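The values are calculated or read from the model by the stated rules, or taken from the named source; none is laboratory data. In this text the structure is predicted, and so the values were computed from the model without any measurement. Virtual Cβ from ideal backbone geometry, glycine too; neighbours counted across all protein chains shown. Ligands, DNA and RNA are excluded from the accessible area calculation, which covers all protein heavy atoms including side chains. Shrake-Rupley method; radii C 1.70, N 1.55, O 1.52, S 1.80 Å.
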Amino acid sequence: MSSTPRGVRWITAGLLVVALCGCSSLTAGTGGDTGGSAPTGPAADGPDVPAFAADLERVCTEGLGFSGLPAYDREKKTVHPAMLMNRSGDDWSQSEPSAGDYPKGWFLGYSDKPAGAELVVCVERTKVTATGKVCDMEGDDGKPFKVRTYNTSYRLRVVEARTGEELYRHTGEARSDACPVYMLTSQGEDEDKYYNEVRPKDFRRNVRPFIAP
């Protein structure tokens, strides 16, 4: 889960394995496209809908929905499209699951219009813990460098895009003692640190009851 990548660095270590743990609870009530936000609300022409994926940040941070988005009715036996929003640092950005992680249509992609979202899945890093492992890596310029790895705690929420109502919350950890095969460094993050992050396919069972018919 990352913001704008600063670069890719490669090593020949084994594949990353992410283990999940934590508990979940059902609660009642309560990138991709990183373009700037367009004016919304009563002062804007037309219905209150997000012009860019980044506009959905307010759904994750403040529970403020977009009244012009399609209504979510869990009783309807149809796919309820969701937008996946991630925050690992200060900013939220859209993320698109890899092909094969989810059936087609479950999550909106980078080329899809955010105005089609019924749900927003908000995933954010809440804590990092050093593993003590140091990995020898090689940059794309051929120069060696070392990276320290960190396990992460995360929070996952399923939020109704139209109303901003939180439907589900889950907390867990992404842990691994393996070195990464490659790494992308997010803007504002140190290039000598690697954070184990939960992958979209790892929370498929958590979001399926809300998205799938």
- Query: Taking the stretch 56-95 as the region of interest, how many residues are out of contact with any Leu (no Cβ under 9 Å at 6 or more places or on another chain) and buried (at least 20 other Cβ atoms within 10 Å of the Cβ)?
  - Reply: 10
- Query: Where in the stretch 108-213 are there strands (runs of 3 or more DSSP E), lying fully within it, with 1 or more residues that are modelled with pLDDT of 95 or more and either open to solvent by 10 Å² or more (accessible area, probe 1.4 Å) or within 20 Å of GLY89 (Cα to Cα) (or both)?
  - Reply: 119-138, 144-160, 166-174
- Task: For residues that are among the aliphatic types (A, V, I, L, M) and modelled with pLDDT under 95, tally how many sit in the stretch 76-107.
- Result: 1
